[in-house]
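Novice: Below: one structure in structure tokens.
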């Protein structure tokens, strides 16, 4: 890691430390109840003492998120290819996608629960629904943004449509696909938690509700911190895959 990259990575850490210090100072000076706003030290203490419970409840949320995101990727990318390469599909499907995305997922969560029950299927469905749109939109935009010069060169070399797609369009669209995937994976966490709020027997969202019902503010906040950490780790995983699959981007940065 270069000194410049190291310096850039330190800025968020400094910001987090400052926020936590101010938060801790406020709880000390105000004497606010831990039920309303626990201090970072109380949340950290609960995270350590109850790490077994938090880890146990993180696993269902992780599975729901990853499966919902994977399903959105498997369906969203092929659909984006149709939207980007067919005017008919673009005119027919794109308005439908926008209309479905404008529906608040919290509003349809009870309906999804009725359809799929209290098991993992309802959470997976909600994670899929919120992750689907950014993948489709960004992938379609990436495919349509292929530099015309590359397409003309491929046609001049008598490349087939398959070769143009896999060797020109898809590599050019990868930055867009990964940009959409980074948004989608964090939204998938939100979708899974919405499902757990509406009806679930496990997961960090369910733990937040259970802790609040028991007036255990520090545990509820600890679950929120673990949810945030889960989202960050999944985002970092997508960024790592992007780094591995796009070596030309690394070369251009040197």
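The values are calculated or read from the model by the stated rules, or taken from the named source; none is laboratory data. Keep in mind it's a predicted model, so treat the numbers as computed, not measured. Using ideal geometry, Cβ is built from the backbone for each residue, glycine included, and neighbour counts are taken over all protein chains shown.
Novice: Say whether the condition of being in the same structural domain as residue 193 (by TED's automatic domain parsing), at pLDDT 90 or above, surrounded by 14 or more Cβ atoms within 10 Å (Cβ to Cβ) and touching a helix residue (DSSP H, G or I) at 6+ places or on another chain (Cβ under 6 Å) is met by at least one residue in region 239-252.
Specialist: There is no residue in region 239-252 that is in the same structural domain as residue 193 (by TED's automatic domain parsing), at pLDDT 90 or above, surrounded by 14 or more Cβ atoms within 10 Å (Cβ to Cβ) and touching a helix residue (DSSP H, G or I) at 6+ places or on another chain (Cβ under 6 Å).
Novice: For region 81-109, which residues satisfy the criterion of being surrounded by 14 or more Cβ atoms within 10 Å (Cβ to Cβ) and closer than 21 Å to residue 124 by Cα?
Specialist: So the first thing to find is which residues in region 81-109 are surrounded by 14 or more Cβ atoms within 10 Å (Cβ to Cβ), and the list is 81-85, 89-90, 93-94, 97, 101, 105, 108-109.
Hits for region 81-109 are 97, 101, 105, 108, 109.
Novice: Is at least one residue of region 199-217 more than 23 Å from residue 50 (Cβ to Cβ), in contact with a helix residue (DSSP H, G or I) (Cβ under 9 Å, 6 or more places away or on another chain) and in a helix (DSSP H, G or I)? So that I can check it myself, show each step before the final result.
Specialist: Of all residues in region 199-217, those more than 23 Å from residue 50 (Cβ to Cβ) come to 199.
Filter once more, keeping what is in contact with a helix residue (DSSP H, G or I) (Cβ under 9 Å, 6 or more places away or on another chain): 199.
Next, only the ones that are in a helix (DSSP H, G or I) stay: none.
No - not one qualifying residue is present in region 199-217.
Novice: Does residue 44 count as crowded, with 19+ Cβ neighbours inside 10 Å and either part of a helix (DSSP H, G or I) or touching a strand residue (DSSP E or B) at 6+ places or on another chain (Cβ under 9 Å) (or both)? Spell out how you get there, then give the answer.
Specialist: Working: crowded, with 19+ Cβ neighbours inside 10 Å: no; either part of a helix (DSSP H, G or I) or touching a strand residue (DSSP E or B) at 6+ places or on another chain (Cβ under 9 Å) (or both): yes.
In short, no.
Novice: Filter region 25-35 down to residues that are in contact (Cβ under 8 Å) with a residue 40 or more places away in the chain and either in a helix (DSSP H, G or I) or surrounded by fewer than 16 Cβ atoms within 10 Å (Cβ to Cβ) (or both), then give me how many there are.
Specialist: Of region 25-35, the ones in contact (Cβ under 8 Å) with a residue 40 or more places away in the chain are 33-35.
From what is left, the residues that are either in a helix (DSSP H, G or I) or surrounded by fewer than 16 Cβ atoms within 10 Å (Cβ to Cβ) (or both) are 33, 35.
Summing the residues that are in contact (Cβ under 8 Å) with a residue 40 or more places away in the chain and either in a helix (DSSP H, G or I) or surrounded by fewer than 16 Cβ atoms within 10 Å (Cβ to Cβ) (or both) in region 25-35 gives 2.
Novice: Among helices (runs of 4 or more DSSP H) lying entirely in region 110-190, which contain 1 or more residues that are modelled with pLDDT under 90, surrounded by 15 or more Cβ atoms within 10 Å (Cβ to Cβ) and under 22 Å from the mean Cα position of the chain (by Cα)?
Specialist: On the way: elements: 120-144, 148-156, 161-164.
Because the criterion is at least 1 residues that are modelled with pLDDT under 90, surrounded by 15 or more Cβ atoms within 10 Å (Cβ to Cβ) and under 22 Å from the mean Cα position of the chain (by Cα), the helices (runs of 4 or more DSSP H) in region 110-190 that meet it are 120-144.
Novice: What number of residues in region 36-54 are in contact (Cβ under 8 Å) with a residue 12 or more places away in the chain and closer than 30 Å to residue 119 by Cα?
Specialist: Within region 36-54, residues that are in contact (Cβ under 8 Å) with a residue 12 or more places away in the chain and closer than 30 Å to residue 119 by Cα number 6.
Matching residues to (1) modelled with pLDDT under 90; (2) within 24 Å of the chain's Cα centre (by Cα); (3) under 30 Å from residue 166 (Cβ atoms):
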site: 20; (1), (2), (3): yes, no, no
site: 26; (1), (2), (3): yes, no, no
site: 29; (1), (2), (3): yes, no, no
site: 51; (1), (2), (3): yes, yes, no
site: 58; (1), (2), (3): no, yes, no
site: 64; (1), (2), (3): no, yes, no
site: 74; (1), (2), (3): no, yes, yes
site: 91; (1), (2), (3): yes, no, yes
site: 101; (1), (2), (3): yes, yes, yes
